[in-house]
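What follows draws every value from the coordinates through simple rules; no lab data is involved. Quick caveat: nothing in here was measured; it's all calculated off a predicted structure. Glycine gets a Cβ as well: all are built from the backbone with ideal geometry, and neighbour counts include every protein chain shown.
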Amino acid sequence: MNRAAPPSSVLGRLLEAAGYRVEGRGDATLAVRARDHRAVVITVASRSPAEVDRWFPGDSVHRTIVYDDDPGATARALAADRGIEVLEPSTLGSALAELLLPSPHEAAPIAPWAADDAQLFPPLAVLPEGERVVRPRVGRAEAEALAGIDASRYTLRLVPFFVAPYRVRPSSPYGAPGSVVRRLVAVNAVARRAEVWDEADRELVAEIDEPHQRLIPQIGEAQAATIATDAVRRHHTVDVEHTEQHGGALVIETRRMLPSTDDLRLGPMALLYVPFWYAEGADGRVVLDAVTGRRVSSPDGTSG
């Protein structure tokens, strides 16, 4: 004889006491614990896992449906296909401790960011007075050797970038703290693309002697900050493998986990100018990063 499941309100209170955020969903209850990415839905056996699936937050690593009665083989199969654990009165008791107790991988709470925010200084340490230009390391002669085409014209263009330091704590399974990463994010203010920099790779100067053209920014700092935030979250996305036992089957599910906006801090932005060599001739055009010498897609947004 099956043991009676705790009423939804009782189980909800237990989950809330265990650190879950609990909210009602009509005749169902959703409980989410952000620190270890667990989510639990308490509902009736007539509700399909396909319907419940959309209630789980996208970053949930461990998803569980607690039914008030056995939902049947079809519901269990649908849940297994989606990597969802199913519990009902006969199985809830043995699983309750796992739902309520902290994950064994969970460490002590991490201190808030606020006390460390002052460390997000403007990029590249000390900015020189006047114009801020990344010093080119590839001269005209090196550009001719690297281009690899018969080019009749070489032009050095300074492309505007909004650059900011950032600090991010990438997502990790079951709340285990990831290592904090500190780098620079640079948003091309013409092509509206972002890339991640290591500060040591570039040196700033006030001006350069090589004849050059200077492009004008096409976006403002606010739009650049939005592009930068999206780019940093994508760059630090991790794949998390989650394993669950469903009956006699072992289900391994891989999910892509983006850092939450709470785990990202973007520092003050500065407008810098980055040099690129444009080699143009009868064979077409090649664009070279004048710092690294590598070929790049057109940083001014035009086709090559």
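Please find the FRET efficiency linking Arg182 to Ser9, where r is the Cβ-Cβ separation and R0 is fixed at 51 Å, and quote it to the nearest 0.05.
0.65
Would you tally the net charge around Asp230, using a Cβ to Cβ cut-off of less than 12 Å, leaving Asp230 out, and scoring K and R as +1, D and E as -1?
Charge balance in the 12 Å sphere: +4.
So how much slack lies between Glu203 and Arg25, counting 0.36 nm per residue of separation and subtracting their Cα-Cα distance, in nm?
58.6 nm
Which ³J(HN,Hα) values, rounded to whole Hz and listed in residue order, are derived for segment 188-193 from phi using the Karplus coefficients 6.51, -1.76 and 1.60 in 6.51 cos²θ - 1.76 cosθ + 1.60 with θ = phi - 60°, glycine and proline given as x?
Those phi angles translate into 5, 7, 10, 7, 6, 10 Hz.
Residue by residue through segment 150-165, which ³J(HN,Hα) values in whole Hz follow from phi under the Karplus form 6.51 cos²θ - 1.76 cosθ + 1.60 (θ = phi - 60°), with glycine and proline marked x?
With coefficients 6.51, -1.76 and 1.60, one gets 7, 9, 8, 9, 10, 10, 9, 10, 9, 9, x, 10, 8, 10, 9, x Hz.
Given a Förster distance of 45 angstrom, what is the FRET efficiency for Ile216 paired with Asp239, based on the Cβ-Cβ distance and rounded to 0.05?
0.65
Based on the Cβ-Cβ distance of Ala77 and Thr261, what FRET efficiency does E = 1/(1 + (r/R0)^6) give at R0 = 22 Å, to the nearest 0.05?
It comes out at approximately 0.05.
What percent does the relative contact order of segment 8-100 come to when contacts are Cα pairs within less than 8 Å and at least six residues apart?
Relative contact order comes out at 22 percent.
Which order do the peptides 266-272, 160-166, 78-84 come out in when sorted by mean C-beta neighbours inside 10 angstrom, highest first?
160-166, 78-84, 266-272
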